[in-house]
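Novice: Could you have a look at this structure, given as structure tokens, before my questions?
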Amino acid sequence: MQQRHLDYADRVNMGAYYTQADMVDIAWEMLAPHLDRKMVILDTSCGYGNFLRHPGGFSKIGNDADPVAVRTAKKNLPEAVFYNVNALRNVSREQYGIGARAGLCIVGNPPYNDRTSLIRNRVKSFNVQIDEDIQTRDLGMSFLLSYQKLSADVICILHPLSYLIKRANFSLLRRFARQYRLLDAKIISSAAFGDASKTMQFPIVIALYKKSGEGMDYQMIRDFSFDVRGAHPFRLSDFDYISNYVRKYPAKNSGAPKNPLLFWTMRDINALRRNQTFVNRSSKNTIAIDPGKLEYYMYVDVFKRFARHVPYYFGNCDVLINHALFKKNRRHFILASVSANPALRGLIPKIDELEARHLHSSQQKIGEYFRRLLGPHYVA
Ligand SMILES: C[S@@+](CC[C@H](N)C(=O)[O-])C[C@H]1O[C@@H](n2cnc3c(N)ncnc32)[C@H](O)[C@@H]1O
């Protein structure tokens, strides 16, 4: 049941990208071993009720801020109970008539507006009131915190992978992470949600969380093996990252150096795909390059041009690097970067000699480097 009553701007504002049946089915398969018949199933941002269509004799509760969606959901699911409230305001079980001791399972695909994944910030003007204790910079993260506030026992929802793998986001979810543990996570592409992502795919997870005294820390996320449909599982700690070698963001209060070598801020691989690398003009988004680290920036510059070999699910990661292999091949990266940025020529000692010896083999060596760096993840 795909959304059909909202125009483009409202759809973006409300994050109203309804979920296809095959993804809903995956979520229910993941949930099955953790459910018991007495549980209440709740989707606080249910749209037309796609996640509540599953049979199984549970008592089901849906809610959406959008009254038209709720009306349709009621017609589709006469056996369920529906509410039409802002799910992020006055968050409590009472709001949905759920008892304090009832087993609660939350399902769904809350709206997200992760500024690092979606680009259409201009359309977004939706100002929703959010309880102070669950405010974050992203609606979807606030929804995650609301599930903790509702004291859900099991949660299976779709959300951007960046909530977990970006350390800054993960910290914002601290209260959630203290009480819930990720048990299973399957990565899908945002391309499955039509116009949400035509410009750039980003990874979304179907994530299963369970209440646990243990909670989870960032190291657990780094070591977590994310299931990627149709591909090799993905684990952050299998890779080394450029952020271990150079700064990604401008230094605070750094006086502008004279004639600096400048580089565009490196937020993540998707940002690199659409941004520049070396730039001429200083701005709040430029980094003054430490000349002693120039080769690492050249590496990133070349990485951008090979980024088509990097699958979408690395989109929110830092630029990957195999440090030892890079060191072995550094002259090839230097040559490739200089040939794309002639202004760098003067900075490389003996560049003519280097070119005479290696230029013919550099592209091939770099190609081999990326095949080895990415291994089973390499996109041919
Ligand atoms: C990604 S859609 C998912 C809908 C449905 N769960 C599905 O997967 O088909 C997100 C839904 O969240 C609703 N929504 C957005 N902000 C909300 C809020 N503050 N409270 C309740 N619902 C909200 C939107 O109207 C939209 O229906």
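Novice: Mind checking the log10 I(q)/I(0) for the chain at q = 0.11, 0.15 Å⁻¹? Debye, one equal scatterer per Cα, no solvent, two decimals.
Specialist: -0.82, -1.28
Novice: Considering only DSSP beta bridges whose two residues both sit in the chain, what percent are antiparallel, to the nearest 5?
Specialist: Of those bridges, close to 60 percent are antiparallel.
Novice: Follow-up. Ignoring GluC sites (Glu not before Pro) that are buried or in helix or strand per DSSP, and keeping those with at most 16 other beta carbon atoms within 10 Å, what is the longest stretch of the chain between them?
Specialist: Counting only loop sites that pass the neighbour cut-off, the longest clear stretch is 215-380.
Novice: Per residue of segment 74-83, what does 6.51 cos²θ - 1.76 cosθ + 1.60 with θ = phi - 60° give for ³J(HN,Hα)? Whole Hz please, x for Gly and Pro, Karplus curve as stated.
Specialist: 4, 5, 5, 10, x, 7, 9, 9, 10, 10
Novice: Please get the size of the charge dipole for segment 240-377, origin at its Cα centre, with Cβ charges of +1 on Lys and Arg and -1 on Asp and Glu, quoted in debye to the nearest 20.
Specialist: 180
Novice: Magnitude of the Cβ-charge dipole of the chain, K/R +1 and D/E -1, about the Cα centre, nearest 20 debye?
Specialist: 960
Novice: Using the structure shown, list the pairs from K248/K328; K284/K328; K248/K327 with a Cα-Cα distance above 26 Å, or answer none.
Specialist: K284/K328
Novice: Can I ask one more? Output ³J(HN,Hα) for segment 178-183: one whole-Hz value per residue in order, computed from phi by the Karplus curve 6.51 cos²θ - 1.76 cosθ + 1.60 with θ = phi - 60°, and x for Gly and Pro.
Specialist: Couplings: 5, 10, 10, 10, 6, 9 Hz.
Novice: Take the Cα atoms of segment 240-377, find their three principal axes, and give me the spread along each one in whole Å, biggest first.
Specialist: Taking the Cα atoms of segment 240-377, the three principal extents are 40, 39, 23 Å.
Novice: Take every Cα-Cα pair in segment 32-185 and report what % of them are more than 22 Å apart.
Specialist: Within segment 32-185, distances greater than 22 Å cover 40 percent of Cα pairs.
Novice: Out of residues 5 or more away from Q3 or on other chains, whose amide H comes under 5 Å of its own, with H placed 1.01 Å from N in the peptide plane?
Specialist: Answer set, sorted by chain and number: Y18.
Novice: Quick one: which residues, 5 or more positions from D184 or on another chain, have an amide H under 5 Å from its amide H? H modelled 1.01 Å from N in the peptide plane, none for Pro or chain starts.
Specialist: L208
Novice: Then there's this: Loop-only check: which trypsin sites (Lys or Arg not before Pro) in segment 304-380 are DSSP coil with at most 13 other Cβ within 10 angstrom?
Specialist: When the trypsin sites (Lys or Arg not before Pro) of segment 304-380 are filtered for loop state and at most 13 Cβ neighbours within 10 Å, K350 remain.
Novice: Helix-derived [θ] at 222 nm for the chain: sum -39500 (n - 2.57) over DSSP H runs of at least 4, divide by residue count, nearest 500?
Specialist: Using -39500 (n - 2.57) per qualifying helix, the result is -9500 deg cm²/dmol.
Novice: In segment 248-334, if the dipole is taken from +1 on Lys/Arg beta carbons and -1 on Asp/Glu beta carbons about the Cα centre, which of Y313, L294, F278 is farthest to the positive end?
Specialist: About the Cα centre, the residue reaching furthest to the positive side is F278.
Novice: Tell me which residues come under 5 Å, amide H to amide H, from C317 once H is placed; ignore anything under 5 positions away on its chain.
Specialist: Distant-sequence amide H within range of C317: I269, N270.
Novice: List the aspartates and glutamates whose Cα lies under 17 Å from the Cα of K75, skipping any in the same chain that are fewer than 8 positions away.
Specialist: Candidates past the 8-residue exclusion: D43, D64, D66.
Novice: Turning to a different aspect of this structure: Please give me, ordered by residue number, the trypsin sites (Lys or Arg not before Pro) of segment 1-75 that lie in loop per DSSP and have at most 10 other Cβ atoms within 10 Å.
Specialist: Loop-located and lightly packed - R4, R37, K38.
Novice: I want the local charge near H358. Using Cβ-Cβ distances under 10 Å, sum +1 for each Lys or Arg and -1 for each Asp or Glu among the other residues.
Specialist: Result for the neighbourhood of H358: +1.
Novice: Still on this model: Which whole-Hz ³J(HN,Hα) couplings does segment 260-276 yield from phi under the Karplus relation 6.51 cos²θ - 1.76 cosθ + 1.60, θ = phi - 60°, glycine and proline marked x?
Specialist: These are the phi-based 3J(HN,Hα) values: x, 8, 10, 9, 6, 3, 10, 6, 7, 5, 5, 5, 5, 4, 9, 9, 7 Hz.
Taken together, the values in this text are just the output of simple stated rules run on the coordinates, not laboratory data. Note that the structure is predicted; figures quoted are calculated from it, not measured. Cβ: placed from backbone, ideal geometry, glycine included. Neighbour counts: every protein chain shown.
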